[in-house]
Amino acid sequence: MAAKRTKVDAAASSTRLAPLSKTPTGIKGLDALTLGGLPTGRPTLLCGAAGCGKTLFAMTFLVNGINKFGEPGVLMSFEERARDLETNVASLGYDVAELVERKQLVIDHVYIERAEIEESGEYDLEGLFVRLGHAIDSIGAKRVVLDTIEALFSGLDDTAILRSELRRLFAWLKDKGVTAIITGERGDGQLTRYGIEEYVSDCVILLDNRVEDQVTTRRLRVVKYRGSSHGTNEYPFLIDEHGISVLPITSAELGHRISHESVPTGVPGLDDMLGIRGYFRGSSILISGLAGTGKSTFASAFVNAACERGERCLFFAFEESPDQIVRNMASVGLKLDQHIDSGLLDFQAARPSLYGFEMHLARMNRDIEEFAPQVIVVDPISAFRGPSSEIHSTLIRLADICKSKGITALFTSLSSSGEQMSESERSVSSLMDTWISLKDTEANGERNRVLYLLKSRGMNHSKQLREYQLTNHGIHMVDAYVGPDGVLTGTARIAQEAREREAGLSRKQATERRRREVARKRAALDRQIAELRAALETEEAEMATLIEQEEARELAHGSERSEMAAIRGVRS
Amino acid sequence: MIVTKQDDGPVADTPNGLSEPESGEYNLRLYVAGQTPKSLAAIANLKKLCESNLAGRYTIDVVDLLVTPQLAAGDQIVALPTLVRHLPPPLKRVIGDLSNTERVLVGLDIRPKTASPT
């Protein structure tokens, strides 16, 4: 529909069907969701209640125009004096006075005091046109801000004249070819108090500042944008010392490029449990567990390992101050301070209740964009309290941001006691690629820590419960003993191991004994064999002697007989 | 008729100049943009009005903003035509073509003063 309208517009102005050209605001996020910026050469209405940041928004548009895009600007302020404006935007780091000096910016304060003005007869607002025209021409301005033009309505009586003159003014701005922002105070039941959205209808942006549960969230919505598609949701935005940033919420596609690379967990034993010896780069990891199970330690070990590889890490701490984390982790042998010094590690600490979810997300997004980390840690997500749908949408967006940038994100979550998942865990469980559950087991009057991999997408992984110890050299994984009664940990495991050692020893001794017995038996038998052999040999020797004697006797006998025959023969 | 006088703003150091202006002079400046019917009407109306009410006690300064647009911001001109009373203080503005004489006189604080001597 919007596309159709563009065509009509273009045809009416008898130009070629060129796409609507846009003027970037230089406000991060806003240009993304308007697909390029505000419509060039057309007025845009920026409306919102008091305190929404309209003036700052408009001022940012001008200052960015000058500093980033070389487009001079004019600010016509109907409410604040130039001096006050300069002071107010100085908090964003804008040196407006210097821009005025350089003839890049003109600030004209239009002051209308009803008490000083008497109306007599017909008039028009040509004076305003003259002033604005003069300001624009004097510096060749491309951008114009009218803040807040509705102040005219309180200064002048004849609204019929005002309305027709405003209509003329906006048409005149278009003819001038300047890109304008007109701010307007939010009114009851309509976008602006005096309904000027009727005249400025090319692009309307609504700012909102809502308080829910005592937490304020600024939001922005592009109500309409003629001739262009745009993001239609409400987007949170942020005003702080870094200026304004709008957070475009999720590209909504699940099309991020994924990595097959593995990132070591920083705990050698844990690497072994994961099929690819680490987490996938760009995946989301949840470490959940009860208080004191070492969630932060696991997170820090991961960060420490990443920094040692020379990767940049951003640590969002919601419960502890950075100093406290550094001190505590030093006790388990993780020296995070050296990484902070080398600039690889940065902490961003804030109380969860400081902002709403949207603001946190916007802040984190900005920090991520600025620091460009490879690894982020959010410790812990359970610190966010609120309706689970909001936590879910916040975290899903954070996970999305990280995935789209290929950042490995590690979240910790404090489980409530028992087996139940906490609200935050349940809402994010489906987002997580790897989920490590840390548990306390209590037996024999002591607590021991075990972990298991609840899931790890895309890889084979250990299904075993593993005991781990937090030593002063880091996290040490222990082979858990799985006995007939389940997993044994701590002293029970040590006792069991001792018993096993003992049994092993006695088994060894028994074998030794048997071996010696066999040897002895063999020796005895050998001896018997030798004896028998000796006996046999003796016997054989005796037999040989007997045979010899017999043969000798036989021989002697034979010769005796022949002698006898010879004797007989002679005698006969 | 067009006096080019450049005293910017009133010399606001006489607090009772407000109540006793009869000896004082009316320093009026009329801002217009070009020779539009409204401008011409305003100039004519102003001359007539001053002649009949402030004879000899006034100066009129007509500024054409199409010629000198830079003067518009100084006197906070938004609507045209605008008549600005620089003297006597305080600063007074009357906008429109000055066709409603009554309102101009009220706007310039002339009416109450002229009413009291009669």
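The values are calculated or read from the model by the stated rules, or taken from the named source; none is laboratory data. Predicted model only: the values in this text are computed from it and were never measured. Ligands, DNA and RNA are excluded from the accessible area calculation, which covers all protein heavy atoms including side chains. Shrake-Rupley method; radii C 1.70, N 1.55, O 1.52, S 1.80 Å.
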Sort out for me the Cα centre separation of the range A:39-92 from the range B:28-72, rounded to whole Å. 35 Å
In vacuo Debye sum over C-alpha of the range B:30-112, base-10 log of normalised intensity I(q)/I(0) at q = 0.20 Å⁻¹, listed in q order, is -0.89
List, in the order given, every pair from A:Lys295/A:Lys335; A:Lys68/A:Lys103; A:Lys224/A:Lys405; A:Lys224/A:Lys403 whose Cα-Cα distance in the structure shown is over 26 Å. A:Lys224/A:Lys405; A:Lys224/A:Lys403
When A and B pair up, the total accessible heavy-atom area removed from solvent (1.4 Å probe), in Å² to nearest 100, is 2100 Å²
Hey, what angle do you get for helix A:388-404 against the long axis of chain A, alpha-carbon based, 0 to 90 degrees rounded to 10? 80 degrees
For the range A:207-314, what number results from the quotient of the Cα radius of gyration and 2.2 N^0.38 Å? 1.55
For the range A:262-371, just say rounded, prolate or oblate: build the C-alpha gyration tensor, square-root its eigenvalues into a ≥ b ≥ c, call rounded for a/c under 1.5, and beyond that prolate if a/b exceeds b/c, oblate if not. rounded
Averaging over every viewing direction, what projected area does the convex hull of the Cα atoms of the range A:262-488 cover, in nm²? 12.0 nm²
Two decimals is fine: what's Rg over Rh for chain A, C-alpha atoms, Kirkwood radius as Rh? 1.50
For the range A:323-384, what is one quarter of the convex hull surface built on the Cα atoms, given in nm²? 4.8 nm²
Can you pull the percent of the range A:57-109's accessible area that's carbon plus sulfur, 1.4 Å probe, other chains left in place? 45 percent
In the range A:126-165, which residues give up 20 Å² or more of accessible area once the other protein chains are added, compared with their chain alone (1.4 Å probe)? A:Glu126, A:Gly127, A:Val130, A:Arg131, A:His134
Segment A:Asp323-A:Arg167, length gained on full extension (0.36 nm per residue, minus Cα span): 50.3 nm
Ignoring any ligand, DNA or RNA, what whole percent of the accessible area of the range A:262-488 comes from carbon and sulfur when the probe is 1.4 angstrom? 48 percent
Take the alpha-carbon centre of the range A:497-572, take the same for the range A:146-189, and report the distance between them in whole Å. 135 Å
Quick check: at a probe of 1.4 Å, how many percent of the accessible area of the range A:498-572 sits on carbon and sulfur atoms? 56 percent
Using a probe radius of 1.4 Å on heavy atoms only, what accessible surface per residue do you get for chain A? Whole Å² is fine. 50 Å²
Per residue convex hull volume, Cα atoms of the range A:467-572, in Å³: 166 Å³
